[in-house]
Amino acid sequence: MNQAISIRKPILQAPARVGALLALAVGMGMGVAQAADTAAVPALSVAPPAAHWVERKLDYTYMGFTDKFSCDGLRDTVREALLALGARKKDLDIQERGCTHFNGIEPSPGIFATFSVLVPATPDELGKVGDTAAQPTRWHTVDLVKLTRSGVNTVPCELLEQLKNKALPLFTTRNLKFRSTCFPHQESLGDIDFSVDVLRPAASAEKSAAARGD
């Protein structure tokens, strides 16, 4: 398996009003938490929602100045990221695009991928008699920085920024924590954070899928 090839060069109110102010503060705090949450499902959900599989497509061309990839390297790195975010392994299909070299780095390598992701079922869907598509789920935290780290301290900062914009919206997520200070032509020494909760099948369903080889 070809790996990514990198080129690197070396931020007091009166007592009678206390109860009302506390209630207002709590309400505002919840509003801020929900506004900061980029998830499709609110972070304050009591339990993970029942969900069903929906097909998604990703047509993506990498544009970077610091980290350079071969076609195989980009394909394998993106494939690993998609699986970590919750793409179903058994029907994930990812193809290289824009390849001009037999091997080695590419100026603008790309991929086209089709895969299935879990999407919360609506009340109407859950209410249908005989509906077997919905299944129990769980939230799982993924750290994309640790997943794609290519050295002791370096990560493909530009790639992670682009995956956050292009791939992440295709998944059901919550509690996104993202911070980046990528600079072109400079290696990234841990100056990026990218973790998020993703929707996965419940543990029992994952064990069954593993047993089937999905």
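Our summary gives the range 45-175 a relative contact order of 37 percent, counting only alpha carbon pairs under 8 angstrom and 6 or more residues apart. Note on residue 139: accessible area approximately 40 square angstrom, rounded to 10, probe 1.4 Å, nucleic acids and ligands left out. The modelled label-to-label distance for the pair residue 126/residue 143, using points 7 Å beyond Cα in the direction of Cβ, is 3.3 nm.
The values are calculated or read from the model by the stated rules, or taken from the named source; none is laboratory data. These numbers were taken from a predicted model, which means no experiment stands behind them. Please note: Cβ atoms are built from the backbone with ideal geometry, for glycine as well, and neighbour counts cover all protein chains shown. With ligands, DNA and RNA removed, areas are computed over all heavy atoms of the protein, side chains included. Shrake-Rupley method; radii C 1.70, N 1.55, O 1.52, S 1.80 Å.
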